[in-house]
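**Q** Next up is a structure, given as structure tokens.
The values are calculated or read from the model by the stated rules, or taken from the named source; none is laboratory data. Since the structure is predicted, the reported quantities are computational estimates derived from the model, not experimental observations. Cβ coordinates were reconstructed from backbone atoms using ideal geometry, including for glycine residues, and neighbour counts include every protein chain displayed. Accessible surface is based on the protein model in full, side chains and every heavy atom, while ligands, DNA and RNA are left aside. Shrake-Rupley method; radii C 1.70, N 1.55, O 1.52, S 1.80 Å.
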Amino acid sequence: MRLEVLSFLLLTFASLAQARGRCPLGFFRHGKSCYWISTTVASFAEAKTYCQYMQSHLARITSRYEDAFLRGQVRRRGKGTDYWLGATDLNVEGVWLWEGNKAMTYTNWGGDNPNNYKGVENCLGLRKENNYQWNDFQCHHRLNFICEKNL
Ligand SMILES: [Ca+2]
Ligand SMILES: [Ca+2]
């Protein structure tokens, strides 16, 4: 099947599911959100665009419940190592904001992170090596990623 046709069908199914207050095809539900875990890797910017294409955004973790849930999901379903979430400190070094300039009210940094290693780590992800706690990565690194869509 051609990619355009497949995309059209996926978006159509997504719209239908959304209309009924259910998660789009391929997304799974938790609370008032639907999540999707990538099976491929991408830079932070590519991952962000990919989520937008699916009418979602890179995941925003705003509570320890959501955090525990997603860490469990990447352990169970995840095919990758590390996973992008939707926050950066690109505007002001050390000031982390979720996409849409939303303040970070909950954090779960692993080890000594965010350590801004070599002065160039500005994008947020879950790091397997740190038991999927948070790490600041270089934005051009290629990681798996998690998209989230609010119901
Ligand atoms: Ca940084
Ligand atoms: Ca780091």
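**Q** How many nm is it between the label spots at Lys79 and Leu151, if each spot is 7 Å from the Cα in line with the beta carbon?
**A** 2.6 nm
**Q** Between Tyr117 and Gln52, what is 0.36 nm times their sequence separation minus the Cα-Cα distance? Round to one decimal in nm.
**A** Working it through step by step, the gained length comes to 20.5 nm.
**Q** Still on this model: For Thr107 and His141 in one chain, what is 0.36 nm times their gap in residues minus the Cα-Cα distance, to one decimal in nm?
**A** Full-extension gain reported as 10.1 nm.
**Q** Now for a separate question. Taking the Cα centre of region 26-150 as the origin and placing charges on Cβ (Lys, Arg +1; Asp, Glu -1), which of Phe44, Ala103, Asn150 is farthest toward the positive end of the dipole?
**A** My answer, from the dipole projection, is Asn150.
**Q** Rank Asn108, Asn131, Asn122 by mean-square fluctuation in a GNM of the chain with C-alpha springs under 10 angstrom and give only the top-ranked residue.
**A** For the chain, modelled as a Gaussian network with Cα springs under 10 Å, the answer is Asn131.
**Q** Further, regarding this structure: Multiplying the sequence separation of Asn131 and His30 by 0.36 nm and subtracting their Cα-Cα distance, what value in nm do you get?
**A** That pair, Asn131 and His30, stretches by 34.3 nm at full extension.
**Q** Counting Lys and Arg as +1 and Asp and Glu as -1, each charge on the Cβ, what is the dipole of region 26-150 about the Cα centre in debye, to the nearest 20?
**A** Result for region 26-150 is approximately 620 debye, rounded to the nearest 20.
**Q** Per residue, how many Å² of accessible area does the chain show with a 1.4 Å probe?
**A** 56 Å²
**Q** What do you get when you divide the Cα radius of gyration of region 22-92 by 2.2 N^0.38 Å, with N the number of residues?
**A** 1.10
**Q** Calculate what fraction, in whole %, of the accessible area of the chain sits on carbon and sulfur atoms when a 1.4 Å probe is rolled over the protein chains.
**A** 54 percent
**Q** Which of Lys32/Lys102; Lys102/Lys149; Lys48/Lys118 have a Cα-Cα distance over 22 Å?
**A** Lys48/Lys118
**Q** If each of Ser63 and Val92 carries a label point 7 Å out from its Cα toward its Cβ, how far apart are those two points in nm?
**A** 2.8 nm
**Q** If you bin the C-alpha pair distances of region 47-127 every 5 Å from 0, what whole percents do you get?
**A** With a bin width of 5 Å, the distribution comes to 3, 13, 23, 26, 22, 10, 2.
**Q** Here's another thing I want to ask about it. Take the Cα radius of gyration of the chain and divide it by 2.2 N^0.38 Å, with N its residue count; two decimals is plenty.
**A** Cα-based Rg divided by the globular estimate yields 1.03.
**Q** Please give me the summed charge of the neighbours of Lys102: other residues whose Cβ is under 13 Å from its Cβ, Lys and Arg +1, Asp and Glu -1.
**A** Around Lys102, the charge tally is -1.
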